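Below: one structure, written as structure tokens.
Derivation of every value follows stated rules applied to the coordinates shown; laboratory data play no part. No experiment lies behind these values; they were computed from the predicted model shown. No Cβ is skipped: glycine too gets one built from the backbone with ideal geometry, and neighbour counts run over all protein chains shown.
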Amino acid sequence: MTLSILAGLVATRHTRTRARRTLVTAALTGLAALVAVFAVNAVTFAYVPPPGAALPLAAQVLAISLVITGVTKVVFHALDKAHSPAPDQPRLLPILERLPLGKRGALVALSVEDHYVRIRIVKGEEKVLMRQAEAMREVGGTPGGQVHRSHWAAFGQVLAARRDGDRAILTMATGPEMPVSRANLPKIKEAGLLPR
């Protein structure tokens, strides 16, 4: 199996199509297995096949290697397809993968508290030890933005927005209201949460 994996890595670098990769992997694995079979026969049984018997033995080892490699490739390819999400199935945000299964849901907001980020989702909230910049990278393409130096809000989870002097306040789907700093008001207006 190790020989097949190493041969597969070599084949991946030097071939483009899956069929060629499988053939190259099988050939490299077969050659390595052939050397191993000859070595084991020589050391264990003190048997070195005569030239007339070596060719059929080599053909058998290469044929078996081709079958085993082909079956292995098919099985691993099927397993990869079974465990990868369907194209229409939304991929889980990296930030949500940090949460317990029972708390995963639609992302509402992020708030920074000391060295922790409070991740607010529709099912509750959870504090995670991480940096704010890393947390904001992990929200991916979720429509939202940093509304304050300590807060990020998902714009789709804003129920209401109101002005409060030179700043604004967002009422979120869950949890406390979020302040919007004066510097971030243009983002809120651009998202259509406040009139321009």
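Regarding the stretch 20-128, what are the three Cα extents along the principal axes, ordered largest first, in Å?
Here the spans come out as 76, 33, 21 Å, largest first.
Where does the stretch 127-196 land on Rg/Rh, using Cα atoms and the Kirkwood Rh?
So for the stretch 127-196, dividing Rg by the Kirkwood Rh gives 0.95.
Roughly how many debye, to the nearest 20, is the charge dipole of the chain about its Cα centre, given +1 on each Lys and Arg Cβ, -1 on each Asp and Glu Cβ, and no other charges?
Dipole magnitude for the chain comes out near 480 debye.
Cα extents of the chain along the three principal axes, largest first, in whole Å?
95, 31, 28
Could you rank the peptides 182-190, 111-119 by their average count of other C-beta atoms within 10 Å per residue, with the highest value first?
111-119, 182-190
Per residue of the chain, what 222 nm ellipticity follows from adding -39500 (n - 2.57) for every DSSP H run with n ≥ 4, rounded to the nearest 500?
The per-residue figure over the chain is -14500 deg cm²/dmol.
Would you kindly state how much longer the chain becomes between ALA106 and ALA19 on full extension, computed as 0.36 nm times their sequence separation minus their alpha carbon distance, in nm to one decimal?
Between ALA106 and ALA19, full extension yields an extra 27.1 nm.
Which Cα, out of ALA173, LEU99, VAL112, lies furthest along the positive dipole direction of the stretch 96-190 (beta carbon charges, K/R +1, D/E -1)?
Toward the positive end, the furthest listed residue is ALA173.
Name the residue farthest towards the positive end of the dipole of the chain from the options PRO49, VAL158, ILE121, assuming +1 on Cβ of Lys and Arg, -1 on Cβ of Asp and Glu, about the Cα centre.
VAL158
If the reach is capped at under 22 angstrom between alpha carbons, list the lysines near LYS81, excluding any in the same chain fewer than eight residues apart.
The qualifying lysines are LYS73.
Based on the mean of other beta carbon atoms within 10 Å per residue, what is the order of 138-148, 159-169, most packed first?
Put in order of decreasing packing, that is 138-148, 159-169.
Mind ordering 100-109, 73-82 by average Cβ neighbours within 10 Å, highest first?
100-109, 73-82
For an R0 of 45 angstrom, estimate the FRET efficiency from the Cβ-Cβ distance between HIS115 and ARG196 and round to the nearest 0.05.
So the FRET efficiency works out to roughly 0.75.
Pick from THR44, THR25, THR72: which is most flexible by mean-square fluctuation in a GNM of the chain where alpha carbon atoms under 10 Å apart are linked?
So, out of THR44, THR25, THR72, the one fluctuating most is THR44.
Nearest 10 degrees is fine. How inclined is helix 18-44 to the longest principal axis of the chain, computing both from alpha carbons?
With both axes taken from Cα atoms, the answer is about 50 degrees.
For VAL40 and VAL74, what does the FRET efficiency come to when R0 = 35 Å and r is the distance between their Cβ atoms, rounded to the nearest 0.05?
In this case the efficiency is close to 0.80.
Going Cα to Cα from LYS187, which lysines come in below 28 Å? Please leave out same-chain ones fewer than 8 positions away.
LYS123, LYS127
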